[in-house]
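Encoded as structure tokens, the structure appears first; notes follow it.
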Amino acid sequence: MSSSGAQARPVLVFYHIPGDGDEAEMPNAFPVLLPEGKIMLKDVRSKFPLPGTYHFRFKMRWGPEPLQVAWMDVTNESAAVPYFDGKVVAKVVRVSWDAQAAPSANGTAKAPAAAKAADVLSFDSPAVTPAAPPAQAPKDDFDMLFS
């Protein structure tokens, strides 16, 4: 086989949502096809199995010590996500139950003007209570596939 006909290979993205009570030791996972190169945030976002708008933080090694770990916020849709021990590991925060923000051509999320202030996270602003989930949430039996 020639090098120009590279086969796409699936890469599992492991994630947990602390706000939903998920534990980092028992992550969920979903596949992303990787034809060549690196996985971009837009690839992760497009294959993410849950509805809504999410903020992604990726686990990575930091510093000379092997036990130093950091969570890197990736916000540019065209940026490559970091690997941690050969895997993609994400901590995901739900911003909204609705898929309001869509990536724009330059790789940043574009939100409607009215919702923009609510989507901004700041360390100086008071804590904001997340919006209540819809009355009848769709049945999510994605994890049952791995039981």
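The values are calculated or read from the model by the stated rules, or taken from the named source; none is laboratory data. Quick caveat, the model's predicted, so the values are computed rather than measured. Glycine gets a Cβ as well: all are built from the backbone with ideal geometry, and neighbour counts include every protein chain shown.
Can you confirm whether residue 34 is within 12 Å of the chain's Cα centre (by Cα) and either over 18 Å from residue 96 (Cβ atoms) or modelled with pLDDT of 90 or more (or both)?
no
Can you name the residue in segment 50-83 that is under 20 Å from residue 31 (Cα atoms) and small (Gly, Ala, Ser) and is also surrounded by the fewest Cβ atoms within 10 Å (Cβ to Cβ) among such residues?
Start the filter on segment 50-83 by keeping residues that are under 20 Å from residue 31 (Cα atoms), which leaves 50-60, 74, 77-83.
Checking the rest, the ones that are also small (Gly, Ala, Ser) come to 52, 78-80.
On the way: 52: 15, 78: 12, 79: 15, 80: 14.
My answer is 78.
Would you confirm whether or not segment 7-17 contains a residue that is part of a strand (DSSP E or B), out of contact with any Pro (no Cβ under 9 Å at 6 or more places or on another chain) and modelled with pLDDT of 95 or more? Talk me through it step by step, then tell me what you get.
Going residue by residue through segment 7-17, those that are part of a strand (DSSP E or B) are 9-16.
From what's left, out of contact with any Pro (no Cβ under 9 Å at 6 or more places or on another chain): none.
No: segment 7-17 contains no residue that is part of a strand (DSSP E or B), out of contact with any Pro (no Cβ under 9 Å at 6 or more places or on another chain) and modelled with pLDDT of 95 or more.
List pairs: first in segment 15-28 and within 16 Å of residue 58 (Cβ to Cβ), second buried (at least 16 other Cβ atoms within 10 Å of the Cβ) and of a type in the set (Gly, Ala, Ser), Cβ under 8 Å, 6+ apart or cross-chain?
Hits for this filter: 15/29; 15/90; 16/90.
Looking at segment 62-78, which of its residues are touching a Leu at 6+ places or on another chain (Cβ under 7 Å) and of a type in the set (A, V, I, L, M, F, W, C)?
Going through segment 62-78, the residues touching a Leu at 6+ places or on another chain (Cβ under 7 Å) turn out to be 74, 76-77.
Matches in segment 62-78: 74 only.
Within segment 30-53, take every residue that is part of a loop (DSSP other than H, G, I, E, B) and without any contact (Cβ under 8 Å) to a residue 60 or more places away in the chain and give me the one that is farthest from residue 81 (Cα to Cα). If you could, list the steps in order and put the result at the bottom.
Going residue by residue through segment 30-53, those that are part of a loop (DSSP other than H, G, I, E, B) are 35-39, 48-52.
Now restrict to residues that are without any contact (Cβ under 8 Å) to a residue 60 or more places away in the chain: 35-39, 48, 52.
On the way: 35: 15, 36: 14, 37: 11, 38: 8, 39: 6, 48: 14, 52: 20 Å.
Going through the qualifying residues, I end up with 52.
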